[in-house]
Amino acid sequence: MGNRLSKIYTRTGDDGTTGLGDGSRVAKDSARVAAYGTVDELNSTLGVVLANVLPDAVRECLTQVQHDLFDLGGELCIPGMALVHATDIVRLENILDSFNDDLPALKDFILPGGGMAASCCHVSRTVARRAERELVTLARHDSVRPEAIQYVNRLSDLLFVIARVLARESGHGEVLWQHERRKRAP
């Protein structure tokens, strides 16, 4: 690491701007800052998932994802940087497939729940979907590598599957949507 922060506040953002990794300054509410801010939020929600008792394979997977998300935040903060690659997406797909292989096929929608760890994972999944939307918004008017969007898309799928694994592992089970609970009007 080249620079260490010895002073946390700089006052340079008091005017509503922030510095990107390339030295340029942008508004704090720019699409780029919103995108990497949500990626940071997603990483923080994964920290909450990791604060739970988890199977080793899930813990190892999510810890790697946290590192990937930090890389993705750096990529978004430094326009033109490439830190997330196709191999990272393939790795997520392989992990997703291995977790999903042991789960029964879905026949109903699942509601967020299934114990604390699974519920936290569902929150992470929804933040991943928001991060993906913000990356798509950013890509409409600025450069975003397709791998960044693909990674977050695959990650939200992985988090859904991990939430299912955690719900079953905890003994709470999955919370199924009861679509027929309301009587239909004729």
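I'd like to verify a number: residues in segment 109-139 that are touching a residue at least 60 places away in the same chain (Cβ under 8 Å) and over 27 Å from Pro55 (Cα atoms), how many?
So the count comes out to 4.
A quick yes/no check of all residues on (1) in contact with a Gly (Cβ under 9 Å, 6 or more places away or on another chain); (2) at pLDDT 95 or above:
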| position | (1), (2) |
| --- | --- |
| Val53 | no, yes |
| Cys61 | no, yes |
| Gln66 | yes, yes |
| Ile110 | no, no |
| Cys120 | no, yes |
| Ala139 | no, yes |
| Val152 | no, yes |
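Within the set of pairs 6+ apart or on separate chains, which have a first residue in segment 62-88 that is under 18 Å from Thr18 (Cα atoms) and open to solvent by less than 50 Å² (accessible area, probe 1.4 Å), a second that is of a type outside the set (A, V, I, L, M) and in a loop (DSSP other than H, G, I, E, B), and C-beta atoms under 6 Å apart?
Short answer, once both residue conditions are applied: Cys77/Gly21.
Among (1) assigned to a loop (DSSP other than H, G, I, E, B); (2) open to solvent by less than 60 Å² (accessible area, probe 1.4 Å); (3) among the polar types (S, T, N, Q), which single condition is Ser143 missing?
So Ser143 meets the others, but not (2).
Please give the helices (runs of 4 or more DSSP H) falling wholly within segment 16-122 in which 3 or more residues are more than 27 Å from Leu166 (Cα to Cα).
By residue number, 31-50, 56-77.
Just to be sure before I move on: is Ala128 modelled with pLDDT of 95 or more and under 14 Å from the mean Cα position of the chain (by Cα) in the structure I sent?
yes
The values are calculated or read from the model by the stated rules, or taken from the named source; none is laboratory data. For clarity, every value in this text was computed on a predicted model and none was experimentally measured. When we count neighbours, we look across all protein chains shown, and the Cβ atoms used for this are built from the backbone with ideal geometry, even at glycine. Areas reflect the complete protein model, heavy atoms only, side chains present, ligands, DNA and RNA absent. Shrake-Rupley method; radii C 1.70, N 1.55, O 1.52, S 1.80 Å.
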